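Reading through the structure tokens given below for one structure.
The values are calculated or read from the model by the stated rules, or taken from the named source; none is laboratory data. Only a predicted model underlies this, so the values are computations on that prediction, with no experimental measurement involved. Every residue, glycine as well, gets a Cβ built from its backbone with ideal geometry; the counts of neighbours run over all protein chains shown. The accessibility values were calculated without ligands, DNA or RNA, using every heavy atom of the protein model including side chains. Shrake-Rupley method; radii C 1.70, N 1.55, O 1.52, S 1.80 Å.
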Amino acid sequence: MVHDILDADGKAAALRTDINQHVVEAAAGYMADESAAIGFLYSGWCQAALPHRRLPDDAPWQISSEHVTLAVEPGRRRDGSGNLVPVGVPYGSRARLIMLYLQTEALRTNSRDIPLGSSLRHWLGCMNISSGGRSQYAVREQAERIARCRFTFHVEAGNRIGLLNQNVLDTAMFVPTGDPAHHAPLAGFARLSEVFFDQLRSHPVPVEEAAIQRISNNSVALDVYAWLAYRLHALAHATPISWAALKGQFGVGCVRMDNFRPTFLENLGLVLA
């Protein structure tokens with residue numbers, strides 16, 4: 001409906017309705033974007049995603065949907081005393097955007113080697129993530145977590161069961177400096193692991209970058225968008241989904257269903273816009 005109003009009468013008319021302002025802004029921005037750029041995600045990420053908030057650095061993460069279970073084990077790095085300490089599991093919207101960039105560039109260039117540095121900063125800027133101050137520190141932190149963690153996808157498809165169990169990257173996304181107290185600068189290139197690259201090429205899901213840009217700071221909305229991008233194109237008929245299933249996939253950490261439902265519906269409206 002919001003698209004119809006914007007198309008017929010413009011943004012000002014849409015803002016005068018009772019439609020949520022964030023929905024109107026997202027839809028207007030999306031409709032005005034003419035870039036038509038497409039990004040890509042491995043289908044497993046569309047069914048089971050990273051945590052939305054920071055976990056204790058030594059805590060693993062596990063989440064299950066109908067056909068996919070994802071487990072993430074925290075990686076480790078040396079501290080100032082030479083001990084190996086956990087760096088924690090990646091989380092939040094920045095981790096998701098970094099993962100999207102890595103997978104998109106790998107498929108665009110058909111190469112496991114992906115440029116970082118200014119290329120990643122430019123792309124994150126296009127996704128409304130600034131490259132200065134605290135934001136730059138947060139990007140570096142998530143890059144290190146992604147590079148060091150071990151990911152396991154357990155996938156069930158009919159009578160077949162698949163297992164992807166390794167690091168996403170073969171090389172670090174940062175330059176070692178010998179100072180464990182500070183996050184190092186991004187490296188020139190990162191290399192996807194061969195197994196993950198093969199899975200990505202075999203099971204890619206296209207997503208519109210114009211849509212991602214409008215929800216780039218909202219990790220729940222990013223997950224819902226990726227899920228719908230994966231599921232909707234393959235549905236042959238209306239498919240009911242229980243609230244319990246939705247909460248299991250998108251509401252881990254939310255104890256009460258009556259708290260989860262309005263949050264999910266708000267993000268669903270944003271994603272549909």
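For residue 261, the solvent-accessible surface computed with a 1.4 Å probe is close to 100 Å², ligands and nucleic acids excluded. Centre-to-centre, using Cα atoms only, the stretch 1-79 and the stretch 102-138 are separated by 17 Å.
Take residue 127: with every protein chain present and a 1.4 Å probe, its accessible area is about 10 Å². Placing +1 on the Cβ of every Lys and Arg and -1 on the Cβ of every Asp and Glu, with nothing else charged, gives the chain a dipole about its Cα centre of roughly 620 debye.
As I understand it, the value is the acute angle between the Cα axis of helix 92-109 and the longest principal axis of the Cα atoms of the chain; what does it come to in degrees, rounded to 10? Around 80 degrees separate the two axes. Of the solvent-accessible surface of the chain, computed with a 1.4 Å probe and all protein chains present, 51% belongs to carbon and sulfur. Taking all protein chains into account, the per residue accessible area for the chain stands at 51 Å² (1.4 Å probe).
Note on residue 81 and residue 108: their simple-model spin labels are 4.5 nm apart, each label 7 Å out from Cα toward Cβ. Were the residues from residue 189 through residue 21 laid out at 0.36 nm apart, the gain over their Cα-Cα distance would be 56.5 nm.
If you run the Gaussian network model on the chain, springs between alpha carbon atoms under 10 Å, then out of 19, 212, 38 the most flexible one is 19.
Listed values for the stretch 189-205 are Karplus-derived 3J(HN,Hα) couplings in whole Hz (6.51 cos²θ - 1.76 cosθ + 1.60, θ = phi - 60°), namely 9, 10, 10, 5, 5, 5, 5, 5, 4, 5, 5, 4, 5, 7, 9, x, 10, and x replaces Gly and Pro. Ranking 36, 47, 61 by Cα position along the charge dipole of the stretch 27-93, where only Lys, Arg, Asp and Glu carry charges on their C-beta atoms, puts 61 farthest toward the positive end. Of the residues 144, 73, 194, the one that moves most in a GNM of the chain with alpha-carbon contacts below 10 Å is 194.
When the square roots of the Cα gyration tensor eigenvalues are ordered a ≥ b ≥ c, the ratio a/c for the stretch 200-249 is 1.5 or more and a/b does not exceed b/c, which makes its shape oblate.
Calculate for the chain the 222 nm mean residue ellipticity that helices alone would give, adding -39,500 (n - 2.57) per DSSP H run of length 4 or more and normalising by residue count, nearest 500 deg cm²/dmol. For the chain, the value works out to -13500 deg cm²/dmol. On C-alpha positions alone, give me the angle between the axis of helix 21-32 and the longest principal axis of the chain, in degrees, nearest 10. On a 0 to 90 degree scale, this one is about 80.
With a 1.4 Å probe rolled over the protein heavy atoms of all chains, the accessible area of 258, 223, 4, 33 falls in the order 4, 258, 33, 223, largest first. Sketch the reach of a paramagnetic label on residue 150 as a point 7 Å from Cα along Cα-to-Cβ, and name the residues of the stretch 73-106 whose backbone nitrogen lies under 11 Å away. Only 73-76 fall inside the zone, counting backbone N under 11 Å.
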